[in-house]
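What follows is a single structure, written as structure tokens, with notes after it.
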Amino acid sequence: MAIEAPPAPGRAPGAARPRPKREREEEVLVWPDLVFVEFISAVLFTITFVILSVLINAPLLNRANTDVTPNPSKAPWYFLNLQELLLHMDKAWAGVLLPTIALGFFAAIPYLDRSREAQGIWFGTKYSVRITIITAIYAIFICGLLVAFDAGDRTKFEYATRWIPSCDNSAQHVGVPCLRDEAGAKHLGIVTTKDFSKRLQFSIPWPDALGTDDGHLDWPRDLDRIPVPFNNVDCCYGSLHLWKGMNLNIPDIMANQVIPLSTIAFFTVLIIYVLFRLGWVRTRRDVFITMFTGVLTAYLVLSLVGSFFRGQGQALIWPWEIKVDPG
Amino acid sequence: MALTEEPGKPRNFQERIGILQDRIYDKIFHNYIWQSIFRSGYPNTPRNQMLVVATNVFLHLHPTRLHRTHVKITHTYCLGGLTFFMFLVLTVTGVLLMFYYVPSVDRAYQDIAALETNVKFGLLMRNLHRWTAHAMVILVFLHMMRVFYTGAYKPPREFNWVVGVILLVLTLVLSFTGYLLPWDQLALWAVTVGHGIAGSAPYFGDETQLIVFGGYEIGPNALIRFYTLHVIALPLLAAIFMAVHFWRIRRDGGMARPL
Ligand code: HEM
């Protein structure tokens, strides 16, 4: 689109100028070169959107009614990824902490990657194109895998863990880890991560001196109400009153925080490590390309899953099976 | 044309038309009113072209010249500029919508429905506002990707990247606050999901819900808060940060270039 700059007046060879000659000659005038491009793209966008708006109407459903809950109800698409995360982990992490960390990470990129190399051109480092493509494919694949794992009954992923035995409900302490099944229902493997706190059971011998009363530490029974220190002190006001009476639910923390977060950390480190060993990730810039691409791809994939693969009760289904119950 | 000939005497039809054109041009562009608005004619010398960019209030966001590679479409794909253009379109269509919309639980839905059927071009304005809002969110992400993959956040542009991240958040929040305003089922329940997410903030969840949504469920308080944020507070903030953003591009020595 660049139009040859008209020769500037008084550009005699050797004349004194503020900047080196080469630099100046590489420059074009904003009017007309840039203003023209801006104008054309504005016109094209205007036309496109007017046509679009004539053809497709913005949605307007029934008047809002707090008594009638549509199923499923969904956030706008750019927040659907958070809604999707909510299904897989603790809500504070999914809805607030992880997005905050992601934004903080974005804001921090230029302060962590300060090299001046490879700026001002697309994909400036040697392997950045393949890093970007590989990471994007990897992130799509891993996100898909994790979403599928967490809907094990629908995706049949639970087959892989069927070998874990059913719990014997009459036994006092179950030595071998086992999965509790609903009464009368057939045996299932691990259906979602939440099963680690809800259905998984095991016990190990444990001295009573360390807090048990029957010589066994039972998962999850003995661990779901661990009082935090000083939770009986009456002191604080405002939000800190939450500390009072606070107990930790270790199995729940495991299933909703430790496992999901370490999974994210693990797959992030894994791809960086692999690309590093391949010799493709060579600078900090490359590390950030990997992470930025991964975060954005996950953002997009989770939004797409939320938009097109979640039906009533947020069950994982095919797009053509989605039926919205207006309530 | 022979130079000796007396001026002003047309020899044939074409010359007559030519003179007529000149007269019309003269009447339109050289009259008192026009010249009071535009202080000079079309800038057809490089010097005037630089002057017009430097002195025109709308154009002076630009530098007067820039590097050849930066006007290549494939360098920026105009993404930042188009994001800004979407913001302008949203402002115009948004102001038009404001004429017909009252942010009360009793009227909001009815106003939107009436706007679609009773107001000439009302539906078109609403559609434009809706689709350009989605486009702005998409474009701001694409713009951020463009900046990232061209390494344009590197020194000395670190802070402008941070301003960009703030603009990204503002864009998302602007879009989200607008989502509630039609007060239909889609709006209510989408925002209810967001309300739940805000409520899950550790320690400050309840406070966040109270401050941002005006209550523990979505009602009249939430509507008026979202409206005020959507039509004045956030656009103003966004405009301020955009001004800083554009100004910083120039202060940082124009757009990033290879060393
Ligand atoms: C409302 C949102 C935004 C608007 C209207 C906007 C507008 C612009 C414009 C017009 C440019 C000139 C070059 C171009 O068109 O690409 C630009 C450059 C830039 N933008 Fe944005 N931007 C926005 C959001 C962001 C975001 C989210 C980021 C990053 C997180 C960002 C970071 C930058 C940087 C670092 C530059 C300098 C690029 C260079 O030197 O090549 N901006 N922005």
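State whether the protein assembly as shown is rounded, prolate or oblate according to the following rule on the C-alpha gyration tensor (a ≥ b ≥ c being the square roots of its eigenvalues): a/c under 1.5 gives rounded; otherwise a/b larger than b/c gives prolate, and the remaining case gives oblate. Since a/c reaches 1.5 and a/b is larger than b/c, the shape of the protein assembly as shown is classed as prolate. Working note: Karplus 6.51/-1.76/1.60 with θ = phi - 60° gives region A:160-171 the couplings 5, 10, 4, 5, 5, x, 6, 7, 8, 5, 8, 5 Hz, where Gly and Pro are set to x. Which of the three applies to region B:8-106, rounded, prolate or oblate, going by the alpha-carbon gyration tensor with a ≥ b ≥ c and a/c under 1.5 meaning rounded? It comes out oblate by the Cα gyration axes. Comparing A:Asn65, A:Asn169, A:Asn249 in a Gaussian network model of chain A where C-alpha atoms under 10 Å apart are linked, the largest mean-square fluctuation is found at A:Asn65.
Could you tell me whether region B:73-251 comes out rounded, prolate or oblate from its Cα gyration tensor? Rule is a ≥ b ≥ c as square roots of the eigenvalues, rounded for a/c under 1.5, then prolate if a/b exceeds b/c, otherwise oblate. Oblate is the answer for region B:73-251, as a/c is 1.5 or above yet b/c matches or exceeds a/b.
Across A:Leu61, A:Leu261, A:Leu85, mean-square fluctuation computed from a Gaussian network of chain A (C-alpha pairs under 10 Å connected) peaks at A:Leu61.
Taking a 21 Å limit on the Cα-Cα distance, which of the listed pairs A:Lys156/A:Lys198; A:Lys91/A:Lys186; A:Lys126/B:Lys154; A:Lys91/A:Lys198 fall beyond it? Those over the limit are A:Lys91/A:Lys186.
For chain A, adding -39500 (n - 2.57) for each run of n ≥ 4 DSSP H residues and dividing by the number of residues yields -12500 deg cm²/dmol at 222 nm.
Only Cα pairs under 8 Å and 6+ residues apart enter the sum, and on that basis the relative contact order of chain B stands at 18 percent. Note: relative contact order over chain A, using C-alpha pairs below 8 Å and six or more positions apart, is 23 percent.
For region B:219-233, 3J(HN,Hα) computed residue by residue from phi via the Karplus equation (6.51, -1.76, 1.60; θ = phi - 60°) reads x, x, 4, 4, 4, 5, 5, 4, 4, 4, 4, 6, 9, 10, 4 Hz, glycine and proline entered as x. The 3J(HN,Hα) values that the Karplus relation (6.51, -1.76, 1.60; θ = phi - 60°) gives for region B:183-188 are, in residue order, 6, 10, 4, 4, 4, 4 Hz. Gly and Pro appear as x.
Taking all Cα pairs closer than 8 Å and separated by 6 or more residues, the relative contact order of region B:166-259 comes to 30 percent. Measure out, as a whole number of angstrom, how far apart the alpha-carbon centroids of region B:169-184 and region A:161-214 sit. Centre-to-centre (Cα) distance: 46 Å. For the Cα atoms of chain A, what angle does the longest principal axis make with the long axis of helix A:128-149, in degrees from 0 to 90, nearest 10? On a 0 to 90 degree scale, this one is about 30. The helix-based estimate of mean residue ellipticity at 222 nm for chain B, built from -39,500 (n - 2.57) per DSSP H run of four or more residues and divided by its residue count, is -20500 deg cm²/dmol to the nearest 500. For chymotrypsin sites (Phe, Trp or Tyr not before Pro), no site in region B:138-208 is both called loop by DSSP and has at most 12 other Cβ atoms within 10 Å. Largest GNM mean-square fluctuation across A:Lys186, A:Lys126, A:Lys194, computed for chain A with C-alpha springs under 10 Å, falls on A:Lys186.
Taking DSSP loops as anything outside H, G, I, E and B, show the longest stretch in chain B free of trypsin sites (Lys or Arg not before Pro) there with at most 14 other beta carbons within 10 Å. It works out to B:121-259. Could you tell me the calculated FRET efficiency between A:Val129 and B:Phe58, based on Cβ-Cβ distance and R0 = 45 angstrom, to the nearest 0.05? E between A:Val129 and B:Phe58, to the nearest 0.05, is 0.75.
No lab work stands behind these numbers, since they all come straight from the coordinates. In this text the structure is predicted, and so the values were computed from the model without any measurement. All Cβ positions, glycine included, derive from the backbone under ideal geometry; neighbour counts span all protein chains shown.
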